[in-house]
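One structure is given here, and the rest of the page talks about it.
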Amino acid sequence: MEITSKEEAIARVSEGLDWFAQNDPSLFCDGDSIKALERQGSRLECATARAVSSFDQWGEWGRDGALSATAWVDTTCHVPKKEVRAQLRRGKALAVLPLVAQAWKDGDIGAAHVDALLRVKRPVTEEALSEAEGVLVDAARTLKFAEFSRVVDYWEQHADQDGTDEAAEAKRTQRDVYLYPSPNGYLGEMRFDTIGGAIVANEHKRLEEELFKADRAEAKERLGRDPRNDELARTPAQRRADAMIEMAARSASTPAGARRPEPLFSVLIDYPTLFGRISQLEQGPVVAPGSLLSWLDSANFERIVFGPKTRAECSETARFFTGATRRVVEVRDRQCQHPFCDLPAENCEMDHIVPFSEGGPTNQENAQVLCGRHNRMRYERPPPDG
Ligand SMILES: [Zn+2]
């Protein structure tokens, strides 16, 4: 039956939602229902944003004496002003981003995608954004959200080189660490730019893993078997704190003039076919190339260039991936390659795509990063149907 008025449309949406509200969620806990609900939820958000933005332009908020549409929605619907402003921004942007608008109306993308794109929309990027709109919307449609965000970050670097370099510099300027004594011990906060933060976080994580191994070894000794994580002497929070104390202790005991270990951080630089100006820390954040300049002469910097002439290789008949091949595959894949997983490569295993026992070579092309569970899952039989 065709809907002929907004009253009818609202009544139908609300009837559908009544059904979901009245029934036990076990009735719609299957994959297809979840996909449908996520999609319809996005579409409803889109319709609301469009309505709110049009209300702002033409609506009746002034008649009630409200000074803005935002104030009217806040008072009438009890939606935080911040959220109303976000709805307005999204709704307005759709007028100049037709492909984004269509994808959101269809439920292919959601408010989070629109916000990510609006974050990089400014006068200097506007023209480039309308040219790249199709590519970015396709990325939003097909990639996991974190990957899509990275594409947007790359794109921003490409579209506004000066702006992203300046923003990186501004982040560096705002770095700050403080600790203050309180009756409950020391409290504090840290703020770093992406590269400085990666250096601190990498080392902190390394020490935390050392402590984790030590805790496991101690518990195994004590229990006479492999311990569960809740049987370790320290909680993860306690280990994080102890790792920080360990960093301080080691720093104080480093002899003057000692050589710094390398690398402090890894930068991935892709060949300039797709987005041109690409650099990313191994852990994921995209960095402005300008922010790397101050590190270039210190040699504490691992540069891996992916391109046809720069493959690293070891003997194809070796049984295990080692050395440069392993490192390159880890850095290339960055995380478990199972579609439902994003465990970082450093916690994963190397897998032969074609098994070694079936003649699969030990080279980059036949290698992928898989976490322990997904690696084992590959060799288990699929569960029986039904
Ligand atoms: Zn996995």
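Can you list the HN-Hα couplings for the stretch 56-66, worked out from phi with the Karplus curve (6.51, -1.76, 1.60; θ = phi - 60°), rounded to whole Hz and with x for Gly and Pro?
Computed from phi, the couplings for the stretch 56-66 are 4, 7, 10, x, 9, 4, x, 4, 8, x, 5 Hz.
Students sometimes get this wrong: rank D176, D32 by accessible area, probe 1.4 Å, all chains present, largest first.
Numbers: D176 75, D32 110 Å².
Correct descending sequence by accessible area is D32, D176.
For the stretch 40-55, what does the Karplus curve 6.51 cos²θ - 1.76 cosθ + 1.60, with θ = phi - 60°, yield as ³J(HN,Hα) per residue in whole Hz, taken in order and with x for Gly and Pro?
5, x, 4, 5, 5, 4, 5, 4, 5, 4, 5, 5, 4, 5, 6, 4
Can you give the convex hull volume of the alpha carbon atoms of the stretch 322-383 per residue, in Å³?
Details: hull volume 5.2 nm³, N = 62.
Per-residue hull volume (Cα only) is 84 Å³.
Please state, to two decimals, what the Cα-based radius of gyration of the stretch 44-171 comes to when divided by 2.2 N^0.38 Å (N = residues). Please report the intermediate quantities before stating the final value.
On the way: Rg = 16.2 Å, N = 128, 2.2 N^0.38 = 13.9 Å.
That works out to 1.16 for the stretch 44-171.
Among K105, K82, what's the order by accessible area (1.4 angstrom probe), most exposed first? The partial results should precede the final answer.
Working: K105 70, K82 165 Å².
Sorted by accessible area, descending: K82, K105.
Please arrange L136, L67, L17 by accessible surface area, largest first, computed with a 1.4 Å probe and ligands excluded.
Values: L136 0, L67 160, L17 90 Å².
Ranked list, largest accessible area first: L67, L17, L136.
Karplus couplings for the stretch 326-343 from phi (6.51 cos²θ - 1.76 cosθ + 1.60, θ = phi - 60°), rounded to Hz, Gly and Pro as x?
Per residue, the Karplus-derived 3J(HN,Hα) values read 4, 4, 5, 5, 4, 6, 5, 7, 6, 7, 3, 8, 5, x, 9, 9, 9, 5 Hz.
Please work out the average accessible area per residue across the stretch 37-159, using the 1.4 Å probe convention, and give it in Å².
Values: 6700 Å² over 123 residues.
In whole numbers, the stretch 37-159 has 54 Å² accessible per residue.
Quick check: pseudo-label points 7 Å beyond the Cα along Cα→Cβ at K205 and W58, how many nm apart are they?
Label at K205, label at W58, 5.2 nm between them.
Give me, ordered by chain and number, the residues 5 or more places off I353 or on other chains with an amide H under 5 Å from its own placed amide H.
So I353 has HN proximity to A367, Q368.
At 1.4 Å probe radius, can you tell me the per residue accessible area of the stretch 174-238 in Å²?
About 72 Å² of surface per residue is accessible.
In the stretch 3-67, what is the volume of the convex hull around the alpha carbon atoms, normalised per residue and reported in Å³?
Details: hull volume 8.1 nm³, N = 65.
Residue-normalised Cα hull volume stands at 125 Å³.
The values are calculated or read from the model by the stated rules, or taken from the named source; none is laboratory data. As the structure is a computational prediction, the values presented were derived from the model and not from experiment. Backbone-built Cβ (ideal geometry, glycine too); neighbour counts: all protein chains shown. In case anyone asks, the SASA skips ligands and DNA or RNA and just uses the protein heavy atoms, side chains included. Shrake-Rupley method; radii C 1.70, N 1.55, O 1.52, S 1.80 Å.
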